[in-house]
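J.: For reference, the structure I am asking about is given below.
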Amino acid sequence: MYRAFLIAASAAGLLFALMPAGAASARDREVARQTSFGGSCIGCELAGRNLSGARIVGANFSGANLTGANLRGARLYASNFAGADLTKADLSDAAMSGANFTGANLTAAKLQSTKVMGVSFTGATLSMADLSEAETSGATFRKTVMIDADLRSATLNGANFEQADLSSADLRDAKASGANFSRARLSVANFQSAALRGASFGRVEASGVSFRDAQMNGASLSFSEFARASFRSADLTGANLSNSRFYRTDFRDADLSRTGLAGADLSSAVGLSQDQLDEACSGPGTRLPRGLIGRTCVGASYPTLPDSRAVSLRCESGGIPKSVME
């Protein structure tokens, strides 16, 4: 009985605090920091409301209008914001765990330094959103539109960006080791100095993307298009570039030690040197600029499926490519 009373009171408190602006005074519009809310507010009109510091647990805000709302420092636990409009909302320094933003609109929202654990942004819109220095764990951005998003210095290790649109997004100095960018759109995205060890970039559209100075040890970049991209001074040790096309792509000073190049088209690549290729693992179908010679690796495998990784052990001497499919 007592528990039922608490749940009812919590829901009533949420609905009262979030009642339409016309039914509340200016003072009522201010929600006290650290106040806890639950209950349901499906499709509520909450544009511009002040929910800073609020603790929202198990609440349902699906379809709600939170345009320009102040959720700075809020705590969002196991709450549903599916299909909600959070355009230009401020969620800076917020903490989210188990929240659902599937299909939500967070265009130009502020999420600086937000902590995100087990949150789904599947199919959401985060174009021009600011996620700089955000920290994520188990976050899903699958099919999310993140055009011009700011993810500088964000921690995105293991995050799922499969089929996301990150065109012109800024990921400089981001930490995204083990992240999945398969089939994503990365045109003109900036990954300069990002930590991308073991990340997957299979079948991506990446014209004009910059991986300059990025750490990409063991990353998979197979079956992709990297027209006029830059890997200048990137660490591609043990990475898999098989069956990808690198039209006018810059590899100056990149580390290609044990990098798998089977089936890769590097014929128009810029800045490649023989010294780099002597450390890399060419294979069947590798195309190189005129005058350069590839070397095969003993024990290397040459994958035919997307996102698989080549295993490179050591290079044969002599510089003349030969089959190692034995």
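J.: Across segment 37-55, which residue is nearest to ARG75 (Cα to Cα) among those that are aliphatic (A, V, I, L, M) and either buried (at least 19 other Cβ atoms within 10 Å of the Cβ) or touching a residue at least 60 places away in the same chain (Cβ under 8 Å) (or both)?
T.: ALA54
J.: Quick one: would you say SER177 is of a type in the set (S, T, N, Q) and either more than 19 Å from LYS143 (Cα to Cα) or open to solvent by less than 10 Å² (accessible area, probe 1.4 Å) (or both)? Walk me through how you get there before you give the answer.
T.: Values: of a type in the set (S, T, N, Q): yes; either more than 19 Å from LYS143 (Cα to Cα) or open to solvent by less than 10 Å² (accessible area, probe 1.4 Å) (or both): yes.
Yes: the conditions hold for SER177.
J.: Okay, next question. Restricting to segment 63-86, what's the tally of residues that are open to solvent by less than 30 Å² (accessible area, probe 1.4 Å) and not small (Gly, Ala, Ser)?
T.: Number satisfying all stated conditions: 5.
J.: When both residues are 6+ apart or on different chains and their Cβ atoms are under 6 Å apart, which pairs have a first residue that lies in segment 86-107 and is of a type in the set (Asp, Glu), and a second that is surrounded by 21 or more Cβ atoms within 10 Å (Cβ to Cβ) and modelled with pLDDT of 95 or more?
T.: Short answer, once both residue conditions are applied: ASP90/ASN70; ASP90/LYS110.
J.: Can you name every residue in segment 169-217 that is among the basic types (Lys, Arg) and not in a strand (DSSP E or B)? Walk me through it before giving the result.
T.: Step one: list which residues in segment 169-217 are among the basic types (Lys, Arg), which gives 172, 175, 183, 185, 197, 203, 212.
Within segment 169-217, ARG172, ARG183, ARG197, ARG203, ARG212 meet the criteria.
J.: Under 6 Å by Cβ, and 6 or more places apart or on different chains, what pairs join a residue from segment 60-84 that is closer than 15 Å to LYS110 by Cα with one that is of a type in the set (S, T, N, Q)?
T.: Short answer, once both residue conditions are applied: THR67/THR87; ASN70/ASN50; ASN70/SER52; ARG72/SER52; ARG72/SER92; GLY73/SER52.
The values are calculated or read from the model by the stated rules, or taken from the named source; none is laboratory data. Everything quoted here is computed from the prediction, not taken from an experiment. Counting neighbours? That spans all protein chains shown, and the Cβs are built from the backbone with ideal geometry, glycine included. Keep in mind that these areas ignore ligands, DNA and RNA; they rest on the heavy atoms of the full protein, side chains included. Shrake-Rupley method; radii C 1.70, N 1.55, O 1.52, S 1.80 Å.
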